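Q: Supplied in structure tokens, the structure appears directly below.
The values are calculated or read from the model by the stated rules, or taken from the named source; none is laboratory data. All values reported here derive from a predicted model rather than from experimental measurement. FYI the Cβ positions are ideal-geometry reconstructions off the backbone, even for glycines, and counts take in every protein chain you see. Accessible surface areas use protein heavy atoms only, side chains included; no ligands, DNA or RNA. Shrake-Rupley method; radii C 1.70, N 1.55, O 1.52, S 1.80 Å.
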Amino acid sequence: MSGKNTGTGGRRIVAERRYSDSAAKPAQRKAAPKRQARKTTKRRANKPRGPIRRLLGILMLPFVWLFRLIWKITWRVSLVCFAILAAAVFYVSSTLPEDYRVLVDQRVRGSVTLLDREGQVFAWRGDQFGGMITADTVSDHLHNAVVATEDKRFYRHFGISPRGIASAVRINLSAGRGPLSGNGGSTITQQTAKLLCLGVPFDPETWEDETAYEADCRQGSIWRKAKEAIYAMALELRYTKEEVLTIYMNRAFLGAGARGFEAASQRYFGKSANEVGPAEAAMLAGLLKAPSRYAPTNNLERSRDRGATVLKLMNDQGYLSDAQHAQAVENPASLSQAAAAEAGGYFADWVMRSGPEIFTRNTTEDVIIRTSFDQEIQASTEEAMQLVFQERVSAESTAQAAIVVMSADGAVRAMVGGRDVRASGAFNRATQAHRQTGSAFKPFLYAAAMELGYTPNDYVVDAELCIDVPGSSRYCPRNYTNRFYGNVTLTQALAQSLNTAAVRISEAMGRDNVRKIANDFGLQSDLAEGPALALGASESTLLQMTGAYAGILNGGSTVTPYGLVELRLQGDSTPVITQEGGIGERVISRRAAEHLTYMMSRVVAEGTGVRAQLDGWQIAGKTGTTQGAKDAWFIGFTADYVVGVWMGNDDNKPLRGVTGGGLPATIWHEVMARITAGVAPRPLPMIDPGPAAPLVSQEELARQAAEEARRQQQEQQRQQRQNRRNNTDSAINNLLNGLFGNN
């Protein structure tokens, strides 16, 4: 054996190697049962199945076949749909402009920015666009606030977010709404697609107005959502994320007429969107959810609460540190002075209505209008009215008031159109309410008298008077006191607002003359035809009446009230329209106007307007109370300003215990006390005629009349004797000529 082994060179025979290997690997021997088990399992699988299993297998065959069929159809249809979707996205993308900036501002309407007399912004109208901002240059806080609030996956999706949509559907269903009602799960890109109206421009022939156009753009049907998704993906394909975000930030509506974050930031904070801090950025981003509801000019606290929610999102997503978040919460955003004041809503609405339509109500340009508005005077006017209503008027009262402050040339400085001084777009009682003027009309019939040569010291009889009016009953005016005062000067008649004296003067001057002077002073409404004209039976607006009184102050020339001083297009330095004053043609002489001003000064000094007195100041004015106390007026002026005040009920019900010399005169006093504070008084332009000559007694008048009658009778008798003497001489001459001829 040993030889054999040596002869083979130490190699082991095959059998030895086989058995030796098997002995050296016991693990392989142990694994044999496993191999046997697998063989056994295979053999068992090949064993015939039982009848139940065979039956189940037969029954499952159709389902397996159906599943395989559905799968084959599904992946093929999906492939076709994907191809169609891709084609649609590529096609829409090809229709988009190459330069995304073309899509930044496609407003149908332009904007109007209104500046006060000092050049400060106080109101905005139309669709405000403050200028283009970009996602790269805007404040980082605003950039982050928008992303955190509207689409935290903005930089990770391709235009639509399946996770966002699924989450929105779940929220809607849990709230009991339809799957597409409420939260839409829209990405910023989808919202941008909606803002662009899927590329469909406004067509006035298709939509009745822009409101209908925008409503169509916002509809939420499934088909609309599908097109919106395609358009969103096309935007993502065509533009970068920052360009899409830029379009969105410039087109989003953010309340108060602001289109885009630059306009909103200027509107609410008086600064660029590039400069806002965390609290301001959060408030602006919070507007996206419901712009009108969360606008800080509507409800600042509600807007701050929404801003706090956005700050929390920014903190949770890592855009703000805990310290920054705490500081922003402790120091919430505040409105700019102009936005907080909300001053001049009635004035701004009036300028928009009275200005050229192409540059105001229907402008397609961005317009800047400089006005005559004075924010300090406006604040004084509002404060004065509110004070009087708080202290003198019952809380249950429905009475309204209107105030106009004007310079002598017709420049309107302040305007209040109702008790709600913050109203905008509301009914303006200063410019739109046509009300009977009452005795506030009387200065114009006295103006006619002054123009025709009468003086303030001339006398008129205040006594019972009745006038037959054709086609109507007799007109018998009465004084407010139900007393008559006999012979009074014209000044006294105006100061005490005596009605019968006023009617006598109007009838003596001629109604046509009175009507013409009133019309020339700016009262353009139809004036009464009968004798009631003298007592203000005609209707007018407070603005017209105040302008007419300004004509008296400026020396007797007509005045056209105005608020627009200069109009130019944004970006242009050359104005399109300018206005330097509202004084027109002369109506009465300066002497007549100065006589009338003196008479009106006695109304305040000793007549029905004493409550309007102001220490150290000469004041001229006139009260007015209509029949049944439905309207109460006081309009007066210093050397600098004319202020008109009206009070009444919108439903024309009588005022209780209010006359023109009462609350309206009190409001006037409070307004002027604030306007003139710290200003040196200036004298009124008036002529004081001095004391009136003593009135001749009735007995003396009768004696003088009798003497004049006797003198006239003697003169008549003398003339008759002279005529008889002349006739006799003529007869004798004719006889002699007949007898002897004329040699």
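Q: For R422, what charge total do you get from the other residues with a beta carbon under 14 Å from its beta carbon, if Lys and Arg give +1 and Asp and Glu give -1? Walk me through the numbers before you get to the answer.
A: Values: positive: R419; negative: E342, D349, E382, E383, D420.
Charge balance in the 14 Å sphere: -4.
Q: Subtracting the Cα-Cα distance from 0.36 nm times the residue separation, let me have the gained length for K653 to T560 in nm, one decimal. Walk me through the numbers on the way to the answer.
A: On the way: separation 93, 0.36 × 93 = 33.48 nm, distance 3.11 nm.
Stretched out fully, the K653 to T560 stretch lengthens by 30.4 nm.
Q: Between helix 442-451 and the chain, what is the angle of the helix's C-alpha long axis to the longest principal axis, kept within 0 to 90° and rounded to the nearest 10?
A: 50
Q: How big is the charge dipole of region 276-382 about its Cα centre, in debye rounded to the nearest 20, if each Lys and Arg gets +1 on its Cβ and each Asp and Glu gets -1 on its Cβ? Can you show the working numbers first?
A: On the way: 9 positive and 14 negative charges, 71 e Å.
In debye, rounded to 20, region 276-382 gives about 340.
Q: When the Cα centres of region 247-288 and region 538-567 are compared, how far apart do they sit, in Å?
A: Cα centroid of region 247-288 versus Cα centroid of region 538-567: 40 Å apart.
Q: Top to bottom by accessible area (1.4 Å), largest first, where do E585, E382, E242 land?
A: Accessible-area ranking of E585, E382, E242, largest first: E585, E242, E382.
Q: Also, quick follow-up: Using unit Cβ charges (K, R positive; D, E negative) and no other charged atoms, how large, in debye to the nearest 20, is the dipole of the chain about its Cα centre?
A: 8780
Q: Please sort 518-526, 665-673, 394-402 by packing, taking for each peptide the average over its residues of neighbouring beta carbons within 10 angstrom, highest first.
A: 665-673, 518-526, 394-402
Q: Same structure, new question: Any idea what angle helix 162-174 forms with the longest principal axis of the chain, computed on alpha-carbon atoms, 0 to 90 degrees, nearest 10?
A: Roughly 70 degrees between the two axes.
Q: Once you place label points 7 Å from the Cα toward the Cβ at I467 and Q722, how far apart are they in nm?
A: 4.3
Q: Using the Cα gyration tensor of region 230-291, with a ≥ b ≥ c the square roots of its eigenvalues, what is the shape: rounded (a/c below 1.5), prolate (a/b larger than b/c) or oblate (neither)?
A: prolate
Q: Taking the Cα centre of region 412-524 as origin, sum charge times position over the Cβ atoms of Lys and Arg (+1) and Asp and Glu (-1), and report the length of that vector in debye to the nearest 20.
A: Details: 13 positive and 9 negative charges, 117 e Å.
Here region 412-524 has a charge dipole of around 560 debye.
Q: Still on this structure, please answer the following. Between L69 and T95, what is the FRET efficiency for a Förster distance of 35 Å, r being their Cβ-Cβ separation, to the nearest 0.05?
A: In this case the efficiency is close to 0.35.
Q: To continue, here is another question. How much FRET efficiency would the formula 1/(1 + (r/R0)^6) give for R353 and W223, where r is the Cβ-Cβ distance and R0 is 45 Å, rounded to 0.05?
A: Details: r = 42 Å, r/R0 = 0.93.
Rounded to the nearest 0.05, the efficiency is 0.60.
Q: Leaving out ligands and nucleic acids, note down the accessible area per residue over the chain with a 1.4 angstrom probe, in whole Å².
A: Computed with neighbouring chains in place, this is 52 Å² per residue.
Q: Same structure again: Hey, if you put +1 on the Cβ of every Lys and Arg and -1 on every Asp and Glu Cβ in the chain, which of L79, A123, P470 ends up farthest toward the positive end of that dipole?
A: Result: L79, furthest along the dipole toward the positive end.
Q: Further question: Which ³J(HN,Hα) values in Hz, rounded to whole numbers, follow from the phi angles of region 569-578 under the Karplus curve 6.51 cos²θ - 1.76 cosθ + 1.60, where θ = phi - 60° and Gly and Pro get x?
A: Each residue of region 569-578 in turn: 7, 4, x, 9, 8, 8, x, 7, 9, 10 Hz.
Q: Can I ask one more? If DNA, RNA and ligands are ignored and the probe is 1.4 Å, what is the ranking of E566, E301 by accessible area, most exposed first?
A: Ranking E566, E301 by accessible area, largest first, yields E301, E566.
Q: Here's a follow-up. If I model a spin label as a point 7 Å beyond the Cα along the Cα-Cβ vector, how far apart are those points for T574 and A508 in nm?
A: Using points 7 Å along Cα→Cβ, the separation is 5.9 nm.
Q: Just need the relative contact order of region 573-730 here, percent rounded to a whole number, with Cα pairs under 8 Å and 6+ apart.
A: Normalised by residue count, the contact order of region 573-730 is 20 percent.
Q: Report, to the nearest 10°, how far helix 300-316 tilts away from the longest principal axis of the Cα atoms in the chain, using its own Cα long axis and a range of 0 to 90°.
A: Compared with the principal axis, the helix lies near 20 degrees.
Q: Next question, about the same structure. If you average the alpha carbon positions of region 433-479 and of region 594-670, how far apart do those two centres end up, in angstrom?
A: Using only Cα atoms to place each centre, the spacing works out to 18 Å.
Q: Go through the chain and flag any cysteine with no other cysteine's C-beta closer than 4.7 Å, please.
A: Here C81 come out as lacking a disulfide-compatible partner, given the Cβ-Cβ threshold of under 4.7 Å.
Q: At 222 nm, what value in deg cm²/dmol follows for the chain if DSSP H runs of at least 4 each add -39500 (n - 2.57) and the sum is divided by all its residues, to the nearest 500? Don't skip to the end; give the middle numbers.
A: On the way: 26 runs with 353 residues, N = 743.
Helices in the chain give a 222 nm mean residue ellipticity of -15000 deg cm²/dmol.
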